[in-house]
Amino acid sequence: MSTVAAYGDRAVLIDRIPAHEVPHILCRAEEAFPDFLVRPGLNTILITAPIPTASLLDQVRQWLAIPQSSRAANDARQSPTHILEVTYTGADLARVAAHLNMTEEEVVVAHTATSWRVALIGFAPGFPYLVPVADHHDWSVPRLATPRTQVPAGAVALAAGMSAVYPTVMPGGWNILGTTTTTLFDPGRDRPSLLAPGDFVLFRSKS
Amino acid sequence: MTMTHLEVLSIGVTLFEDTGRFGYETVGVPGSGVFDPRAYRALQGLLNLDHNPVVEHLAGTLEVRLPQSAPGGVTYAVIGGSHIHQGGSRVSAGTVMVLAPGDTLIVEAQSGAPAWVAFSGLTTSKVLGSSAYDTFSRLGPAPIQVGDQLAVTTDQAGTLVGRFMAPKPFALFQSSLVIRYVPGPHQEIDLCTNTWEVSSVTRSGIRLQKPHDVPLSWANTPVAVLPSLPTLPGVIQMPPSGNPVVLGPDAGVTGGYHIAGVVITADLGKLAWLPEGGHVAFQPVTGETAGAVNDSLTEALNTKVLDPRGIC
């Protein structure tokens, strides 16, 4: 059962949301609170007002209490799908395959066959946390014990059941499967981030 | 009003900042902006700034010079700093002054005594609609370097010169021992029984150390890390080490540590004034109290600045 709590004096956190319900509640919250910043975590949604707003907690509680017909199917249709071409020659591909008891080729086939969805974007501008839409495959691989000081821009990586793409050169501890040349974040663009929470991502092997 | 420039002769930790960039947190971009938003609003009132950036100078010696060939004087004002000199004379913080052609301005800053300097017409490049420099994401106009030229304008009529801050806002700009916060959302962490030592202060965050002899009341929390959730500046994170981190304006927008509470909006600026090696205590308040405090702060900062010449 999700909970609602004050988060400072100008935000409210909806917590303990089942992960697969977050995109749907996120859509509803964005419509219900158009003047506020609404953004997701893995099982949370934060609603932030521009100035201290003591009534926000009650507003969110009342809104959550309203029964809503399930519009999950509609939400899915509204979210775009991005196809990222990947050269699967990452430094950690062999190790990931060994950990998952698969061959490298099997890892690539499974990774490209999986539908991924952007759960949240954080850690760095444009850095997406991608979760599998269906739980057909166990992607639990631990992060590197010692993070790399420099991960290449466009690195496609895996850790703790999620995929990610590093938008720029930065330190990182996820397992690198390959790289994509698609630009994930460009502050000069009208929409600087290619991806948004709720978007779908498919990976394709570049042969 | 004519465009001119200032020559940068010396810098320390010296950046352009404004009110920050908002609406991009959803795609991982911190709001950034001035470390003390109150200082920006005070300078905005003193110099009638539109949305011009200011120079944020957190440590070292800032020295700028208006070339002798400049077509006129450039008005400025400083909030904070440990020493301010113009042409060898001391200058008071919170007063609008004019830098004449050939004059040099020196502003010293250090931990516990940060400085913000506004110059008439200061402009620089923008990224995502803001001139704020984000030290974490490295977005925004680059940190100011020796040899840079700061684009400013001469002050047309000098009507602002002599303005100074009313006593109430002036009193805000000093180190404070108590910072107010709203507890939660992870309620089981008690912050207010301890006085914390300040280990380091940066725009990404303030690291605190627990006192040696005091056990933490939450030490039995079984879960060290949570599924990533959105964060805000002012969030007080409690990592497994037991040494809290208070997020600054450039902190990443998501995190996985327990959150003991969030500093109230009105007290966010106090974080910039915490001295390394000093101490701080946290006082829990309700959302209602936080709102009332913010309203008083806004009123104080909007107090009409006084002009000793009797012109408003």
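The values are calculated or read from the model by the stated rules, or taken from the named source; none is laboratory data. Since the structure is predicted, the reported quantities are computational estimates derived from the model, not experimental observations. Positions of Cβ are backbone-derived with ideal geometry, glycine not excepted, and every protein chain shown enters the neighbour counts.
Just give me the residues in the range B:117-137 being among the β-branched types (Val, Ile, Thr) and in a loop (DSSP other than H, G, I, E, B), in sequence order. Steps first, answer last, please.
From the range B:117-137, those among the β-branched types (Val, Ile, Thr) are B:117, B:123-124, B:127, B:135; that's our starting set.
The answer is B:THR124, B:THR135.
If you check A:VAL96, A:VAL12, which single one turns out to be within 26 Å of B:THR286 (Cα to Cα) and in contact (Cβ under 8 Å) with a residue 40 or more places away in the chain?
A:VAL12
Across the range A:113-122, what is the number of residues that are assigned to a loop (DSSP other than H, G, I, E, B) and more than 14 Å from chain B (Cβ to nearest Cβ)?
2
Could you go through the range A:153-160 and let me know if any residue there is part of a loop (DSSP other than H, G, I, E, B) and modelled with pLDDT under 95.
yes
Tell me, which residue of the range B:256-266 that is more than 8 Å from chain A (Cβ to nearest Cβ) and in a strand (DSSP E or B) is farthest from the chain's Cα centre (by Cα)?
B:HIS258
For the condition surrounded by fewer than 24 Cβ atoms within 10 Å (Cβ to Cβ), within 14 Å of chain A (Cβ to nearest Cβ) and modelled with pLDDT under 95, what is the one hit in B:PRO222, B:PRO227?
Just one listed residue meets the conditions, B:PRO227.
Residues in the range A:183-192: is at least one more than 13 Å from chain B (Cβ to nearest Cβ) and among the small types (Gly, Ala, Ser)?
no
Which of the residues that make up the range B:107-121 are closer than 12 Å to B:ALA93 by Cβ and out of contact with any helix residue (DSSP H, G or I) (no Cβ under 9 Å at 6 or more places or on another chain)?
Correct list: B:VAL107, B:GLU108, B:ALA109.
One line per residue, one yes/no per condition, for (1) within 13 Å of another protein chain (Cβ to nearest Cβ); (2) among the hydrophobic types (A, V, I, L, M, F, W, C); (3) under 30 Å from B:PHE22 (Cβ atoms):
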site	(1), (2), (3)
A:ALA124	yes, yes, yes
A:VAL131	yes, yes, yes
A:ALA155	no, yes, yes
A:ALA160	yes, yes, no
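Residues are listed down the side, and each one gets a yes or a no for (1) more than 14 Å from every other protein chain (Cβ to nearest Cβ); (2) within 25 Å of B:VAL262 (Cβ to Cβ); (3) touching a residue at least 24 places away in the same chain (Cβ under 8 Å); (4) of a type in the set (S, T, N, Q):
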site: B:ASP134; (1), (2), (3), (4): no, yes, yes, no
site: B:SER137; (1), (2), (3), (4): no, yes, yes, yes
site: B:ALA151; (1), (2), (3), (4): yes, no, yes, no
site: B:ASP155; (1), (2), (3), (4): yes, no, yes, no
site: B:MET165; (1), (2), (3), (4): yes, no, yes, no
site: B:PHE173; (1), (2), (3), (4): yes, yes, yes, no
site: B:SER176; (1), (2), (3), (4): yes, yes, yes, yes
site: B:GLN187; (1), (2), (3), (4): no, yes, no, yes
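State which residue is farthest from B:PHE136 (Cα to Cα) when the search covers only the range B:230-247 and only residues that are touching a residue at least 40 places away in the same chain (Cβ under 8 Å), away from chain A (no Cβ under 14 Å) and not in a strand (DSSP E or B).
The residue in question is B:ASN243.
Here are some conditions: (1) modelled with pLDDT of 95 or more; (2) surrounded by fewer than 21 Cβ atoms within 10 Å (Cβ to Cβ). B:VAL117 meets all but one. Which one does it not meet?
(2)
How about the range B:3-91: which strands (runs of 3 or more DSSP E) wholly inside it have at least 3 residues that are modelled with pLDDT of 95 or more and surrounded by 20 or more Cβ atoms within 10 Å (Cβ to Cβ)? If you could, list the steps in order and put the result at the bottom.
Details: elements: B:3-10, B:13-17, B:54-65, B:74-80, B:83-86.
Because the criterion is at least 3 residues that are modelled with pLDDT of 95 or more and surrounded by 20 or more Cβ atoms within 10 Å (Cβ to Cβ), the strands (runs of 3 or more DSSP E) in the range B:3-91 that meet it are B:13-17, B:54-65, B:74-80.
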